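K.L.:
Take a look at this one; I'll ask things after.
The values are calculated or read from the model by the stated rules, or taken from the named source; none is laboratory data. This structure is a prediction, so every number in the text was calculated from the model and none was measured. With ideal geometry, Cβ positions are generated from the backbone for all residues, glycine too; neighbour counts draw on all protein chains shown.
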Amino acid sequence: MTPPVWLDQHGHPRRTMPCPRCGSVVPILDATAETMRLLAWRPWGEVDYVAWCGHKQQFIAMPTVEGGRELVPLMGEAA
């Protein structure tokens, strides 16, 4: 079965990654600075959300030049 394609607000395909637990293709959340503020997500902080496959995804919210945030996936475990 072909995995779904998620589009952003401009109709472009969103970035995806495999779910670390089940391997399903999941989109990486595109969060604006407004959304990050409303959800109380801080720059350089750890961000968690549940993807469509039902598993928690973990990211670091890195500030961008445009004032938004880029979510960088955390893969694996820290030693």
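K.L.:
Take the residues in segment 15-62 that are among the small types (G, A, S) and part of a loop (DSSP other than H, G, I, E, B), then tell me which one is surrounded by the most Cβ atoms within 10 Å (Cβ to Cβ). Give the steps one after another, and end with the answer.
P.N.:
So in segment 15-62, the residues among the small types (G, A, S) come out as 23-24, 31, 33, 40, 45, 51, 54, 61.
From what's left, part of a loop (DSSP other than H, G, I, E, B): 23-24, 31, 40, 45, 51, 54.
Numbers: G23: 9, S24: 15, A31: 20, A40: 7, G45: 13, A51: 18, G54: 10.
The residue in question is A31.
K.L.:
So, in segment 1-51, exactly how many residues are farther than 22 Å from G68 by Cβ and in contact (Cβ under 8 Å) with a residue 12 or more places away in the chain?
P.N.:
Count: 8.
K.L.:
Let me ask something additional. Which numbered condition trips up L71, out of (1) surrounded by 15 or more Cβ atoms within 10 Å (Cβ to Cβ); (2) among the hydrophobic types (A, V, I, L, M, F, W, C); (3) in a loop (DSSP other than H, G, I, E, B); (4) in contact (Cβ under 8 Å) with a residue 40 or more places away in the chain?
P.N.:
Going through the list (1) surrounded by 15 or more Cβ atoms within 10 Å (Cβ to Cβ); (2) among the hydrophobic types (A, V, I, L, M, F, W, C); (3) in a loop (DSSP other than H, G, I, E, B); (4) in contact (Cβ under 8 Å) with a residue 40 or more places away in the chain, L71 breaks only (3).
K.L.:
Has segment 1-11 got any residue that is in a loop (DSSP other than H, G, I, E, B), at pLDDT below 75 and surrounded by 15 or more Cβ atoms within 10 Å (Cβ to Cβ)?
P.N.:
Filtering segment 1-11 for residues in a loop (DSSP other than H, G, I, E, B) gives 1-6, 8-11.
Cutting the leftovers down to at pLDDT below 75 gives us 1-3.
The next check asks that each one be surrounded by 15 or more Cβ atoms within 10 Å (Cβ to Cβ); those that pass are none.
No, because not a single residue in segment 1-11 is in a loop (DSSP other than H, G, I, E, B), at pLDDT below 75 and surrounded by 15 or more Cβ atoms within 10 Å (Cβ to Cβ).
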